[in-house]
Amino acid sequence: MANKQKLADQIRSNVEMAKEGDKKRKGGKTGLPKSASSNAYVAPHRHCSVCNCPIALKRDPPICGEVKCLDEYETRERQRKRWNMLLYIAPAIMVGALVLQLMAGA
């Protein structure tokens, strides 16, 4: 009977420690070491927007520099610019057509 009680107390203790550990972890900490001398240290970096390989933080545009990634990034940028233009031009055409219709009906 004493063993069961001891085991129950140990389980309760572990549950309480786990709850406290969850509270301590909240706050955006990654758990990675901050020191560059550590074996598990990961330098601050970002990832290529095409192939996701690690690149420097200050790299602009955010690509690794391979020709394939550069071509894909330029294609995506052209498409993005085209869609942005369309988002402004299409409503302008609709509003213009509405205004012409209202003026012609008056």
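The figures follow:
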| read-out | value |
| --- | --- |
| Scattering curve values for the stretch 42-106, log₁₀ I(q)/I(0), Debye with Cα scatterers, q = 0.18 Å⁻¹ | -0.73 |
| Principal-axis tilt of helix 2-25 within the chain, Cα atoms, nearest 10 degrees | 30 degrees |
| Approximate spin-label separation Trp83-Ala104, in nm, with each point projected 7 Å along Cα-to-Cβ | 3.3 nm |
| Helix axis angle, 67-105 relative to the chain longest principal axis, alpha carbon, degrees | 50 degrees |
| Peptides ranked, highest mean first, by Cβ atoms within 10 Å: ranges 48-56, 4-12 | 48-56, 4-12 |
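FYI, it's all coordinate maths here, none of it is from the lab. Keep in mind that this is a model prediction, so the values were computed, not measured. Backbone-built Cβ (ideal geometry, glycine too); neighbour counts: all protein chains shown.
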